[in-house]
Amino acid sequence: MIRYWKNTIVGLLSLFLIAFPACKKSAPAKVRLTPLQALVNTDTTLSLYHLLLLRANDNGLLKDTTASLLIARNNVLVASGFPEVIIDSMSSSLADRIVRYNYLPSGIILDTAGANPTPTRLGVPLYIRQNGNVLLLNGSASAGDQPTTVGKASVYWLNSIVPSAADSLPDILGTDSSLTFLNEVFARTNLYDSLLQTGSYTLLAPVNSAFLQAGYDSIGAIDSANIDTLVNLAMNQVIKGAFFTTNFPATVTTLTGANVIVTINNGKPQFAGAGNTTTVQWLSGDNVVGPTIILHKTDGIVSP
């Protein structure tokens, strides 16, 4: 019996010694950073951009690929109103929109004549124009035209933040309280769904006071107006082509085929059709709205 237990114990010990190496944990593999990740993690001037990436949960965009990225250093983010406290408190969805709008999977198409729509990861194009040794982005923001190569990617350093973009025209018209009359015009005419889904257009968007001055005293007046009149009004506010404040030509053409004269006053465009007794003033703009439209708010209705 003693010999039996001795043999059993020896056998169990042998099995344990044989199995022990198999149970031994291997050292965890080292995480390899992509060149972009290494740059963002180590460059102290990019700490706010790094925070923005974390807020957006977009670190996965820093793959080693041939994309182009528009990146702002700390001083540019702070000067543009995005210090640490603002980035920390913004929603993840807003941070994600900012990061993805500055990520160009197909690279940058340079053009000295006009603004080219360049695809972004947000799904809304970024319009880029070469101006000397500077890239103009959506008409007002800028970046240097000499990128830094980081792995397979190209990083263009922003001098100012690119204005945010909206997903579609209905998103803007439905949420901007200064454009409720125009929103009703587009709802009645169905112009956006019928004509403005493809191509490039510039919308001169009259604010509510412009409709009041034109005799539309309420939303009900829009609802009861002649539909042909509204269609003509709406089409005359839509210019063929994509134009920002920096690249309006002297004459533009509306969807009705009529000409509108553009002049510059104190650096701001103003518009006059044949039926305008006073020029229509530009109020604000350079807003990219969906894949096809640039929006500018105006104080009057263009009447060619």
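Only one entry in Ser89, Ser106, Ser93 is in contact with a Pro (Cβ under 6 Å, 6 or more places away or on another chain) and either surrounded by fewer than 14 Cβ atoms within 10 Å (Cβ to Cβ) or free of Cβ contacts under 8 Å to residues at least 12 places away in the same chain (or both), namely Ser106. Out of Phe186, Phe181, Phe211, I need the residue that is touching a strand residue (DSSP E or B) at 6+ places or on another chain (Cβ under 9 Å), modelled with pLDDT of 95 or more and over 24 Å from Asn74 (Cβ atoms). Which one? The unique qualifying residue is Phe181. Taking the conditions exactly as written (assigned by TED's automatic domain parsing to the domain that holds Ser194, of a type in the set (Ser, Thr, Tyr) and without any contact (Cβ under 8 Å) to a residue 40 or more places away in the chain), does Thr256 satisfy them or not? Spelling it out, it is not the case that Thr256 is assigned by TED's automatic domain parsing to the domain that holds Ser194, of a type in the set (Ser, Thr, Tyr) and without any contact (Cβ under 8 Å) to a residue 40 or more places away in the chain.
When every residue of the range 205-212 is checked against the conditions, none turns out to be crowded, with 20+ Cβ neighbours inside 10 Å, free of Cβ contacts under 8 Å to residues at least 40 places away in the same chain and over 19 Å from the mean Cα position of the chain (by Cα). All of (1) surrounded by fewer than 19 Cβ atoms within 10 Å (Cβ to Cβ); (2) on the phi < 0 side of the Ramachandran plot hold for Ile222 with one exception: (1).
Here Pro147 fulfils each of the conditions (1) surrounded by 17 or more Cβ atoms within 10 Å (Cβ to Cβ); (2) outside the structural domain of Tyr103 (by TED's automatic domain parsing); (3) touching a Ser or Thr at 6+ places or on another chain (Cβ under 6 Å); (4) not β-branched (Val, Ile, Thr) apart from (2). Within the range 175-192, the presence of at least one residue that is in a loop (DSSP other than H, G, I, E, B) and surrounded by 16 or more Cβ atoms within 10 Å (Cβ to Cβ) is confirmed.
For the range 30-86, filtering for residues that are farther than 17 Å from Gly151 by Cα, assigned to a loop (DSSP other than H, G, I, E, B) and acidic (Asp, Glu) leaves 1. Just one of the listed residues (Gly81, Gly123) is more than 23 Å from Gly241 (Cβ to Cβ) and surrounded by fewer than 15 Cβ atoms within 10 Å (Cβ to Cβ), and it is Gly81.
Looking at Val231, is it crowded, with 21+ Cβ neighbours inside 10 Å and of a type in the set (Val, Ile, Thr)? Considered against the rule, which asks whether it is crowded, with 21+ Cβ neighbours inside 10 Å and of a type in the set (Val, Ile, Thr), Val231 comes out as no.
The values are calculated or read from the model by the stated rules, or taken from the named source; none is laboratory data. All figures in this text were calculated on a predicted structure; none of them were measured in a lab. FYI the Cβ positions are ideal-geometry reconstructions off the backbone, even for glycines, and counts take in every protein chain you see.
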